[in-house]
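Comments concern the structure below.
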Amino acid sequence: TLYDPGREAFLTGTINWASDTIKVVLVDTGTYTFSGSHQYYSSVSGVIAGPVTLGSKTTTSGAADAGDSTFTAVSGSSIEAIIIYKDTGSSATSPLIAYIDTATGLPITPNGGDIIVTWDNGTNKIFRL
């Protein structure tokens, strides 16, 4: 699911997938409740791991993609969702982009090991605008 303000940011050119610093976090939905109207990273609670900066970002046919993401030595509460956002250096101005709570491997209970998020290699990649 794309956050509504994130969609607007793409449409107005405030977010540039290719050149902006895009980060991802793993969250506990027992602490964070999704709302499509959330605008900034400061609205997010329950972060268990991350942020990790997305590398090798590409766009093809309106689909956003990146290299797989590795979260190292993760421990803590169960992880039920992934949140993607543009990092501006301040959580109060870092726009939320996407919320993913349906994926292979979710939910996952950390055991102190690494968690690797393998982004979809199909047509829609991470997400499609």
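The values are calculated or read from the model by the stated rules, or taken from the named source; none is laboratory data. Predicted, not measured: the structure shown is a model, and the values here were computed from it. Positions of Cβ are backbone-derived with ideal geometry, glycine not excepted, and every protein chain shown enters the neighbour counts. Surface areas here come from the heavy atoms of the whole protein model, side chains and all, with no ligands, DNA or RNA. Shrake-Rupley method; radii C 1.70, N 1.55, O 1.52, S 1.80 Å.
Things worth noting here:
- Within the set Leu11, Leu26, Leu54, the sole residue that is in contact with a strand residue (DSSP E or B) (Cβ under 6 Å, 6 or more places away or on another chain), of a type outside the set (Val, Ile, Thr) and farther than 21 Å from Ser78 by Cβ turns out to be Leu54.
- Residue in segment 107-117 that is assigned to a loop (DSSP other than H, G, I, E, B), under 13 Å from the mean Cα position of the chain (by Cα) and either surrounded by 12 or more Cβ atoms within 10 Å (Cβ to Cβ) or at pLDDT 95 or above (or both) present: no
- Scanning segment 91-106 for residues that are surrounded by fewer than 16 Cβ atoms within 10 Å (Cβ to Cβ) and touching a residue at least 40 places away in the same chain (Cβ under 8 Å) yields Ser91, Ala92, Thr93, Asp101.
- Some residue of segment 24-35 being open to solvent by 30 Å² or more (accessible area, probe 1.4 Å), under 17 Å from Asn124 (Cβ atoms) and free of Cβ contacts under 8 Å to residues at least 40 places away in the same chain: no
- Within segment 68-80, being assigned to a loop (DSSP other than H, G, I, E, B), on the phi < 0 side of the Ramachandran plot, open to solvent by 20 Å² or more (accessible area, probe 1.4 Å) and touching a residue at least 40 places away in the same chain (Cβ under 8 Å) holds for Asp68, Thr72, Ser77, Ser78, Glu80.
- When Ser61 is tested against the conditions (1) in contact (Cβ under 8 Å) with a residue 12 or more places away in the chain; (2) open to solvent by less than 40 Å² (accessible area, probe 1.4 Å), the lone failure is (2).
- Scanning segment 81-90 for residues that are within 17 Å of Gly30 (Cα to Cα) and either in contact (Cβ under 8 Å) with a residue 60 or more places away in the chain or among the charged types (D, E, K, R) (or both) gives no hits.
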